[in-house]
Amino acid sequence: MAEDWVEVGVLGAPHGIRGELRFFAHNAESPIFAKAPLEAVRLRLDGAVRNTRILEIRPAARCFIVRIDGVHARPDAQALTHAAVEVPASVFTPADNDEDEYTVFELEGLAVLHPGSDRRAGTLRTIVNHGAGDILVIDTEDGERLVPFAEPWVGTISLDRRTIEVDVDAWNLG
């Protein structure tokens, strides 16, 4: 079975003259960024894919600074600006095996069911957070629904069944 890859951030402009780049992580608190080097990394830019490694990661003001294998000068780094950074899904481990903690990529694509039934309400497209809490973005037959990722709107989540119960009719932020 092929490895699943998860986008974890985007490369920004070069930092300095030695080929380092700014890296804007989607979740800067993720423990994977404390594990340099990252041995399996994929960079995607304009349809091209480059397999590489991140040799060093260090925090900066609003981002990280990264050193990528084979990138030694500013022009090489400039060519990677705006590249999406992906890692294998296997680098993520459930936080302390807590049943109530999930990563976004685990939940994206789940079938959304009406609470207490097997009646489908839509598909969970993604989860966003604009500072006040996580919001489920759900595609339904009637269009996009935005629902807080919290009780009482969200019920049982089953990764085995690939389902999540959500009361899509009780709340819609959109």
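The values are calculated or read from the model by the stated rules, or taken from the named source; none is laboratory data. Quantities reported herein were computed from a predicted structural model and do not represent experimental measurements. When we count neighbours, we look across all protein chains shown, and the Cβ atoms used for this are built from the backbone with ideal geometry, even at glycine.
Which of the residues belonging to the range 2-55 are crowded, with 17+ Cβ neighbours inside 10 Å, farther than 11 Å from Glu86 by Cβ, out of contact with any Gly (no Cβ under 6 Å at 6 or more places or on another chain) and not hydrophobic (A, V, I, L, M, F, W, C)?
Those that are crowded, with 17+ Cβ neighbours inside 10 Å, farther than 11 Å from Glu86 by Cβ, out of contact with any Gly (no Cβ under 6 Å at 6 or more places or on another chain) and not hydrophobic (A, V, I, L, M, F, W, C): Gly12, Pro14, His15, Gly19, Glu20.
Go through the range 30-54 and report how many residues are over 15 Å from Gly9 (Cβ atoms) and of a type in the set (Phe, Trp, Tyr).
0
Can you give me the ranges of the strands (runs of 3 or more DSSP E) entirely in the range 15-113 with at least 3 residues that are in contact with a strand residue (DSSP E or B) (Cβ under 6 Å, 6 or more places away or on another chain) and within 22 Å of Asp4 (Cα to Cα)?
20-25, 38-45, 48-59, 84-88
Would a scan of the range 116-135 turn up a residue that is part of a loop (DSSP other than H, G, I, E, B), polar (S, T, N, Q) and farther than 26 Å from Asn27 by Cα?
Here is the first cut: in the range 116-135, the ones part of a loop (DSSP other than H, G, I, E, B) are 116-119, 130-133.
Applying the additional criterion that residues be polar (S, T, N, Q) yields 117.
Restricting the remaining residues to those that are farther than 26 Å from Asn27 by Cα gives 117.
Within the range 116-135, one or more residues are part of a loop (DSSP other than H, G, I, E, B), polar (S, T, N, Q) and farther than 26 Å from Asn27 by Cα.
Go through the range 141-160 and give me each residue that's touching a residue at least 24 places away in the same chain (Cβ under 8 Å) and either surrounded by fewer than 16 Cβ atoms within 10 Å (Cβ to Cβ) or outside any strand (DSSP E or B) (or both).
We begin by selecting, within the range 141-160, every residue touching a residue at least 24 places away in the same chain (Cβ under 8 Å); these are 143-148, 155, 157, 159.
Hits for the range 141-160 are Gly143, Glu144, Leu146, Gly155, Leu159.
Which one of the conditions (1) outside the structural domain of Glu29 (by TED's automatic domain parsing); (2) in contact with an Asp or Glu (Cβ under 8 Å, 6 or more places away or on another chain); (3) modelled with pLDDT under 90 does Gly122 fail to meet, given that it meets all the rest?
The one condition Gly122 does not meet is (3).
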